[in-house]
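Some notes on the structure that comes next.
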Amino acid sequence: MSCNFYQIGGFQPHIQWSDYSFNYHCVCHVNLWPSRWQAGRGYNDDKKLVEEIAGRNSPLWPQQGEPIELVLGIKRIGTSHLLLSERQVRDLARAYKQPFPRRSVHASEFESLSPIYFHNREEFEQTFGRLKIKYIKGRKPWDNSQENKAFSTSEYHPERGAFEHGRLFYRILGGRGRIDSEKFNLHDLSWADSVQIYSFSISLRSPDTRPSQDRINRPIALDCGLAQAAFDLSYREASAIHYSSYNNRVLGAGSPKLPFEHGETEELDDMTLSARLRDFFSARIHECSPGGSKPIILLVHNEIVSMNMLKNCGVDTSSWKSGLRDLVHFSVPQDYRHDRRRRDEPRYRDDRYERGGYNGITERSLSPRPSASTSQLRYDSPPPRRTSFAPVYVVDIKTYYTTLMQATTASESVNAIAGPLGLDLVDIKGWCAGNDAVTMLKIWHAMVSGPSINEQRELRMKNRDPRVRAAKVAATYTGTSGNNSDFDPTTITLPMQEEINHDDSDYGESSGSDD
């Protein structure tokens, strides 16, 4: 399996179509920019590249009128990059009789690798244009593109990649047998047929005048809810559970208490409620434990508070993982990930080029030489196969929402998020954790079933009315079809939080001031 990708467009691309084909940027030091850019003639090359990638005669078009599927790579600092797989580059090189590029980027350079779809040339050209660099005379080039200029710093933004992990996860579930594992660096999908998806919700006391540290570490829950999702993330009927706290029955949450709509409410004292939660998770983790191949996905709203609630109830979360990265793109050993030869160099390299340097490289010499002996070529080896999974992978829908909309306000409750996403909950005023647990499944589905994070935010922000905005997203974006199953993962029906470390069972300390 190849772990290398080839960037098109944007900052320091690996492929730039021009009169002299894959130009010197494919082999030279990244700071040596082609003279064509300095002469201001990059636009014509861009136009040709757009045509070759997404024009009518592009070899990248699949059968049956489906859209072109490229790879969206998001780096750890949050920047977005359009990538081609090695197979796609070979198809293009063969179709247009071009030499194969000598530089590539390793999958380990990205926080996420996920699908991005283009239904016509215009869609691709629009995205390609937002990644275009503005070259300023006398200044060293940097990624000042419309898409990435806000993230071109050393700051770590894992939440953007985490959002795309959700999109990839959704398509893996719906595209079993159809998703290209190699294309997205998916080494192990043995979990896809047995993964279980749950949501856990709590209603917190409000107002809570305790210091913020206490509110985070020892949340006062009035009730809690649990629900299970089907493979398409829809609510599995009769799976929802609602427990109400007898000890906190006289406390409020700042709005009316609502009836549980999906079953019967059980009022329990705190000791019994804690025991029920421990039994719920221990039974399901034990059921999934043989072979370690049946992980659980747990949706929450505000991960730190939710995990502290479970910890205080005696649920062992010490081996749980935050996010889906280690599930869909599992971590490889340090010595493999940090091997610069494997990470930075192309899939194969002719040592004769290294000995001779790059001086005098010609267009002809850029092409791989089939006559080179195998002793002169080095190959990537696949990362080792994992033998077990974490029992639970925790997904924070609040972080997903604030990352998508680039806003930290209007996300303090499940219903506050549901409204802007166009779900039919805009007028609900009240609290019930059981109902919220079901709503959380709908919220996550609305986000991960849609287009990529940048496209989706733009579509959702075009109109302030949530229902109209959701309708526009649904009407604008239609993904691939042709899957024999009833569940089509790429057809949507849509009606910065701090980094979290799960290695420690204590889910965080607050550095903020009291509210």
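Worth a mention:
- Filtered residues of region 224-282 (kept if modelled with pLDDT of 95 or more and of a type in the set (Lys, Arg)): ARG276, ARG278
- Any hit, region 440-457, residues being at pLDDT 90 or above, surrounded by 14 or more Cβ atoms within 10 Å (Cβ to Cβ), of a type in the set (D, E, K, R) and touching a strand residue (DSSP E or B) at 6+ places or on another chain (Cβ under 7 Å): no
- Members of region 203-224 found to be within 19 Å of THR272 (Cβ to Cβ) and open to solvent by less than 30 Å² (accessible area, probe 1.4 Å), listed by number: SER203, PRO219, ALA221, LEU222, ASP223, CYS224
- SER244 of a type in the set (Gly, Ala, Ser), at negative phi, open to solvent by less than 50 Å² (accessible area, probe 1.4 Å) and assigned to a helix (DSSP H, G or I): no
- Region 249-273, subset touching a helix residue (DSSP H, G or I) at 6+ places or on another chain (Cβ under 8 Å) and not in a strand (DSSP E or B), residue most open to solvent (accessible area, probe 1.4 Å): GLU261
- Region 110-160: number of residues that are exposed (fewer than 15 other Cβ atoms within 10 Å of the Cβ), more than 19 Å from the chain's Cα centre (by Cα) and of a type in the set (Gly, Ala, Ser): 3
The values are calculated or read from the model by the stated rules, or taken from the named source; none is laboratory data. As the structure is a computational prediction, the values presented were derived from the model and not from experiment. All Cβ positions, glycine included, derive from the backbone under ideal geometry; neighbour counts span all protein chains shown. The protein model used for the area step is the full one, side chains on, heavy atoms only, and it has no ligands, DNA or RNA in it. Shrake-Rupley method; radii C 1.70, N 1.55, O 1.52, S 1.80 Å.
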